[in-house]
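Enquirer: Dropping the structure in here first, questions after.
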Amino acid sequence: MKVTIGTNVFTATLADNKTTAAFLTKLPLTLDMTELNGNEKYGDLSGNLLTDASNPGTIQTGDLMLYGSRTLVLFYKTFSTPYNYTRIGRIDDPSGLAAALGAGDATVKFELE
C-alpha cells in the first residue's frame with residue numbers, strides 16, 4: 001500500500017486479516033488525521049470494521065492500527081501501550097515519518113500501489 005503525506009510517499013506492508021481486507025475496500029482514502037500525545041495521528045473511518053484487538057505491548061514507529069472499530073491510527077514513535085488495537089499494517093521504512101506528519105494535524109492518503 002502507498003501512504004502519502006504531503007510530498008512524502010511511504011510504502012506499507014499489510015497484515016493478513018479480515019480487518020485489513022475490509023480496510024482495503026475503502027481505498028483510495030484520504031483522511032484528515034488528528035495529532036494525539038506526540039506519538040500518533042488518528043482519523044475516523046466512515047464505517048465500522050471487523051476487529052480482533054489485542055495489546056501489542058509496544059507500539060513501533062510506523063505501525064498502522066485500528067483502535068475500536070473505526071479509528072485508524074498511524075504511529076510515528078515507539079512506546080509501550082496498555083491499549084488494544086487491531087493491526088492493519090506497518091510502514092516499511094518509517095525514517096522521516098515523524099517529520100512528514102509534522103507537529104499538528106495531517107492529511108494522509110492511503111491507496112493501493
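Enquirer: If I filter the range 49-85 down to residues being touching a Ser or Thr at 6+ places or on another chain (Cβ under 8 Å) and of a type in the set (A, V, I, L, M, F, W, C), which single residue comes out as farthest from residue 35 (Cα to Cα)?
Expert: Looking at the filtered set, the residue picked out is 50.
Enquirer: Could I ask something else about it? Give the range 1-57 a look and list any residue that's in contact with an Asp or Glu (Cβ under 6 Å, 6 or more places away or on another chain) and more than 21 Å from residue 112 (Cβ to Cβ), or say none.
Expert: 34, 35
One line per residue, one yes/no per condition, for (1) over 12 Å from the mean Cα position of the chain (by Cα); (2) at pLDDT 95 or above; (3) more than 16 Å from residue 1 (Cα to Cα):
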| residue | (1), (2), (3) |
| --- | --- |
| 19 | yes, yes, no |
| 28 | yes, yes, no |
| 97 | no, yes, no |
| 105 | yes, yes, yes |
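Enquirer: Could I ask something else about it? State the number of residues belonging to the range 67-113 that are among the charged types (D, E, K, R) and free of Cβ contacts under 8 Å to residues at least 60 places away in the same chain.
Expert: 2
Enquirer: Identify all residues within the range 16-43 that are farther than 18 Å from residue 83 by Cβ and not in a loop (DSSP other than H, G, I, E, B); write none if there are none.
Expert: Passing the criteria: 18, 20, 21, 22, 23, 24, 29, 30, 31, 32.
Enquirer: From the residues in the range 44-70 that are hydrophobic (A, V, I, L, M, F, W, C) and in a loop (DSSP other than H, G, I, E, B), which one is modelled with the lowest pLDDT?
Expert: Checking each candidate, the answer is 50.
The values are calculated or read from the model by the stated rules, or taken from the named source; none is laboratory data. Everything numeric here is computed off the predicted structure, so don't read it as measured data. Cβ: placed from backbone, ideal geometry, glycine included. Neighbour counts: every protein chain shown.
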